[in-house]
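What follows is a set of notes on a single structure, which appears directly below.
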There are 2 protein chains.
Amino acid sequence: MAKEYPRIDITVDAVVFGYKPDEGISVLLIKRKKDPFKGTWAIPGGFVEVDESLEHAVSRELKEETGIEVNYLEQLYTFGEPKRDPRKRIVSVAYYALVKPDIYEVHAADDAEGAEWFNIEKLPKLAFDHKYILEMAIFRLRNKISYEPVGFELLDKHFPFSELHKLYETLYGKEIDRRNFKKKFLSLGILKELKEKNSGGKGRPGLLYQFDKDKYFQLKKKGIVFEI
Amino acid sequence: MAKEYPRIDITVDAVVFGYKPDEGISVLLIKRKKDPFKGTWAIPGGFVEVDESLEHAVSRELKEETGIEVNYLEQLYTFGEPKRDPRKRIVSVAYYALVKPDIYEVHAADDAEGAEWFNIEKLPKLAFDHKYILEMAIFRLRNKISYEPVGFELLDKHFPFSELHKLYETLYGKEIDRRNFKKKFLSLGILKELKEKNSGGKGRPGLLYQFDKDKYFQLKKKGIVFEI
DNA sequence: TTATTTTTGTGTAAATTAAACACAAATATG
DNA sequence: CATATTTGTGTTTAATTTACACAAAAATAA
């Protein structure tokens with residue numbers, strides 16, 4: 001005799017990170033339009049359709065709810081406590097995503113979507129268990145950049161070294177000696193030094209750099225691990 | 001107008017690891033009794049009930065299908081490709097678990113349950129996408145022991161240092177200098193040296209050690225990170 | 001009994017990596 | 001044109017990792 005399993009709904013949620021050197025790390029939140037938690041800020045997300053992959057569901061929901069398209073997406077964790085949604089049993093597969101400055105800035109300007117960026121140091125009260133999810137995402141991102149070159153997903157294609165440096169300082173929450181950091185990072189051999197210089201800054205203009213994805217994958221294939 | 005979401009079922013799966021110094025790492029598999037993949041080996045698992053947590057579902061299914069109770073359980077990843085199960089859409093939250101040698105040995109002897117241990121180097125053909133899940137679990141375990149003291153969950157409460165050493169060599173798949181490894185591990189300060197000696201071995205009997213959980217959490221709270 | 005083999009305990013020197021810091025060069029600003 | 005700011009390129013010292021030597025405690029073989 002077949003046992004009848006009551007329905008459990010499955011959703012996806014996404015913690016989207018953006019970065020600006022002078023503002024630090026921000027996340028994209030939406031204001032809930034319905035109960036429960038009507039008017040409270042929440043991580044964007046929604047129900048998974050029966051014939052789409054989880055990643056597809058995330059991308060689709062992000063597009064629908066915030067108008068944003070992300071350039072990096074990775075699964076974070078699945079949250080399934082029976083009472084995490086007061087209405088019914090919902091299991092949520094959470095992802096975290098990264099966007100580059102151009103996307104971040106466009107969507108910071110127009111708030112027609114009802115979506116807003118919040119600095120991770122100044123977060124509002126969040127719906128459901130989203131505070132916990134967000135904290136886990138931040139922790140994961142902090143950790144991830146130490147052994148995989150995902151930081152570039154938060155920077156422009158071409159960037160001055162100081163921006164990469166500042167990103168790591170921001171995420172690690174501590175000062176890192178500029179010269180030692182540069183020495184170590186360059187020794188990894190995954191940065192391409194460009195001819196162009198960074199104009200418009202205050203002091204001496206520095207060279208621009210670019211992440212060399214091919215080189216990185218070559219090294220990875222050889223078993224050489226990235227670590228910073 | 002409320003949109004009707006077709007049903008997606010949610011299951012949990014568990015990759016259970018066991019260890020014996022002379023046999024290496026093994027995983028617990030069950031032989032499927034029903035189609036699809038009838039007669040093929042698979043990772044134990046099953047449907048989540050509507051009022052139980054995901055962890056509870058894993059523990060319950062493991063007990064039902066293999067008779068085993070694990071001492072360490074952690075979420076691995078959620079697999080949700082639309083076609084991963086030929087019958088219908090199933091999203092599976094995968095876990096990995098560790099058992100101590102006594103449990104491992106008991107269940108290696110009696111195979112009444114239809115569950116069997118397989119060395120991870122000699123795996124049979126697996127159902128669904130379970131090969132992929134298993135590979136990810138192995139990768140994760142290998143990685144995990146490098147920054148969290150989970151190795152003890154595969155050893156007896158008291159163990160000779162050589163067993164810890166051999167465990168790391170097995171998981172890393174390479175030789176590690178015995179003396180340097182011991183020096184480094186002891187310097188972490190999370191092992192308690194016991195008075196007892198390891199009897200019955202071949203050469204000089206070594207002292208037994210025990211994982212000092214309290215010390216570990218003290219250090220962790222201070223922000224001191226375990227790394228081996 | 002005694003020599004040999006195996007395994008453990010302890011230590012030391014060399015090599016590598018990380019941390020701390022000095023100073024010159026390029027630009028913007030007063 | 002002096003000053004402040006930021007970048008580029010080191011060097012020196014400290015800490016960590018790696019490689020390896022050798023004695024001690026048991027089991028086994030002669």
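Quick notes on this structure:
- Both radii were evaluated on the Cα set of the range B:151-219; the Rg over Rh quotient, with Rh as the Kirkwood radius, amounts to 0.95.
- Residue-averaged beta-carbon neighbours from other chains (10 angstrom radius) around A:83-90: 1
- Dividing the C-alpha radius of gyration of the range A:9-129 by 2.2 N^0.38 Å, with N its residue count, gives 1.02.
- Label-to-label distance, residue B:227 versus residue B:197, with points set 7 angstrom from Cα along the beta-carbon direction: 3.7 nm.
- Point-charge dipole on Cβ atoms (K/R +1, D/E -1) for the range A:9-129, about Cα centre, debye to 20: 680 debye
- Cα centroid separation, the range B:120-163 to the range A:24-88: 32 Å.
- In order along the range A:50-63, the phi-based Karplus estimate (6.51 cos²θ - 1.76 cosθ + 1.60, θ = phi - 60°) of 3J(HN,Hα) comes to 5, 10, 10, 6, 5, 5, 5, 4, 4, 4, 5, 5, 4, 4 Hz; Gly and Pro are listed as x.
- P(r) tail fraction, the range B:90-167 - alpha-carbon pairs more than 21 Å apart, %: 40 percent
- Accessible-area composition of the range B:151-219, carbon plus sulfur, in percent [1.4 Å probe]: 48 percent
- Solution diffusion estimate, µm²/s, Stokes-Einstein, chain A, Kirkwood Rh from C-alpha pairs, 37 °C, viscosity 0.692 mPa s: 171 µm²/s
- Rounded, prolate or oblate (a/c below 1.5 giving rounded, otherwise prolate when a/b exceeds b/c) for the protein assembly as shown by Cα gyration tensor: oblate
- The sum of -39500 (n - 2.57) across all DSSP H runs of n ≥ 4, divided by the residue count of the protein assembly as shown, sets its helix-only mean residue ellipticity at 222 nm to -9000 deg cm²/dmol.
- Interface burial in the range B:16-52 reaches 40 Å² or more for B:47, B:49, B:50, comparing the full protein assembly with the chain by itself; accessible area from heavy atoms with a 1.4 Å probe.
- Chains A and B together bury some 2400 Å² of accessible area, summed over both sides, with a 1.4 Å probe.
- At an R0 of 25 angstrom, the distance between the Cβ atoms of residue B:178 and residue A:147 translates into a FRET efficiency of 0.40.
- With all protein chains in place and a 1.4 Å probe, the accessible surface of the range A:7-52 carries 49 percent carbon and sulfur.
- Solvent-accessible area per residue for the protein assembly as shown (1.4 angstrom probe, square angstrom): 54 Å²
- Computed E for residue B:219/residue A:40 - FRET, C-beta separation, R0 30 angstrom, nearest 0.05: 0.20
- In order along the range A:67-77, phi translates into HN-Hα couplings of x, 9, 10, 9, 9, 8, 9, 9, 5, 9, 5 Hz, rounded to whole numbers, per the Karplus curve 6.51 cos²θ - 1.76 cosθ + 1.60 with θ = phi - 60° and x for Gly and Pro.
- Loop-located GluC sites (Glu not before Pro) in the range A:43-102 whose Cβ has at most 14 other Cβ within 10 Å (DSSP): A:69
The values are calculated or read from the model by the stated rules, or taken from the named source; none is laboratory data. Worth saying up front: this structure is predicted, and the values here are computed from it rather than measured. Glycine also receives a Cβ, built like all others from the backbone with ideal geometry; neighbour counts cover every protein chain displayed. Protein only, heavy atoms only, side chains kept; ligands, DNA and RNA dropped before computing areas. Shrake-Rupley method; radii C 1.70, N 1.55, O 1.52, S 1.80 Å.
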